[in-house]
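Shown next, in structure tokens, is the structure this report addresses.
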Amino acid sequence: MCGRFVLSLKNKIKLEYNVNIVPNYNITPGENVLVIDNNSEVKRMKWGLTPNWSKTLNIINARIETLLDKPAFKGSLRCIFIANGYFEWKNENNFKQPYYHHLNDNLLYFAGIFNLNSGACIVTVQSQEHISHIHKRQPLILKKEYINDWLLDKYDL
């Protein structure tokens, strides 16, 4: 699961996408986040997907295993969340210890879905073995060369 992430590489975002950002080291659900939509356009979207049939449900993460089955995701379009790190918490001695996952000063691309009426959520997968002791889920992180495959629905689920 991903409940907080970071987008702080202001110069890299400007160079790569010609977008100005205010660095944010604690992006929370409900905030407007930078995404690449299904038309390969960079835009801001609310982090939190509300299905068309609900007024109160706010989904921030979607398991890849249920994308095709859950009614909440029916008709969703694909997007990419742009980040440079994310946090997961591990319970240690009755204390939630945060762990920051990143690739130095590189951008991360999280697979996501969105609907036109509400917002977007991050697609999650089972954690890689080397971080599974922290949390059992993680964002589906795509290499840059696979972004279009995800957006064009050519990425195998």
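The values are calculated or read from the model by the stated rules, or taken from the named source; none is laboratory data. Computed from a prediction, not measured in an experiment: that's the story for all the values here. Backbone-built Cβ (ideal geometry, glycine too); neighbour counts: all protein chains shown. In case anyone asks, the SASA skips ligands and DNA or RNA and just uses the protein heavy atoms, side chains included. Shrake-Rupley method; radii C 1.70, N 1.55, O 1.52, S 1.80 Å.
Rolling a 1.4 angstrom probe over segment 80-121 with all protein chains present gives an accessible area of which 46% lies on carbon and sulfur atoms. Label sites at residue 92 and residue 58, each approximated as a point 7 angstrom past Cα along Cα to Cβ, lie 3.0 nm apart. Rounded to whole numbers, the Karplus 3J(HN,Hα) couplings from phi for segment 57-65 are 5, 9, 9, 9, 9, 10, 5, 4, 5 Hz, using 6.51 cos²θ - 1.76 cosθ + 1.60 with θ = phi - 60°, and x at Gly and Pro.
Whole-percent P(r), segment 80-157, all Cα pairs, 5 Å bins from 0: 3, 13, 21, 23, 19, 11, 6, 3, 1. Note that segment 108-123 has calculated 3J(HN,Hα) couplings of 10, 10, 9, 5, x, 10, 8, 10, 6, 8, 10, x, 10, 9, 8, 8 Hz, one per residue in order, obtained from phi through the Karplus relation 6.51 cos²θ - 1.76 cosθ + 1.60 (θ = phi - 60°); glycine and proline are x.
Over the chain, dividing the summed -39,500 (n - 2.57) contributions of all DSSP H runs of at least 4 residues by the number of residues returns a 222 nm mean residue ellipticity of -2000 deg cm²/dmol.
Note that segment 25-42 has calculated 3J(HN,Hα) couplings of 9, 8, 6, 10, x, x, 7, 7, 10, 8, 9, 9, 7, 5, 9, 6, 9, 7 Hz, one per residue in order, obtained from phi through the Karplus relation 6.51 cos²θ - 1.76 cosθ + 1.60 (θ = phi - 60°); glycine and proline are x. Within the chain, the ratio Rg/Rh, alpha carbon atoms throughout and Rh by Kirkwood, equals 0.95.
First check a/c for segment 1-65, with a ≥ b ≥ c the square roots of the eigenvalues of its C-alpha gyration tensor; if it is under 1.5, answer rounded, and if not, answer prolate when a/b is larger than b/c or oblate otherwise. It comes out prolate by the Cα gyration axes. Looking at the chain, the accessible area is 58 square angstrom per residue; that uses a 1.4 Å probe and ignores ligands, DNA and RNA. For segment 13-125, the relative contact order works out to 27 percent when only alpha carbon pairs closer than 8 Å and six or more residues apart are counted.
For segment 1-95, which trypsin sites (Lys or Arg not before Pro) are both in a DSSP coil and crowded by at most 14 other Cβ atoms within 10 Å?
55, 74
Report the antiparallel proportion of the DSSP beta bridges in segment 5-157 as a percent, rounded to a multiple of 5. Counting only bridges with both partners in segment 5-157, antiparallel ones make up about 90 percent. Taking amide H positions as modeled 1.01 Å from N, with prolines and chain starts lacking one, the residues under 5 Å from residue 3 and 5 or more places away or on another chain are 87. Straight-line reach from residue 46: which aspartates and glutamates have a Cα under 18 Å away, not including same-chain ones fewer than 8 places off? Excluding near neighbours in sequence, the set is 31, 37.
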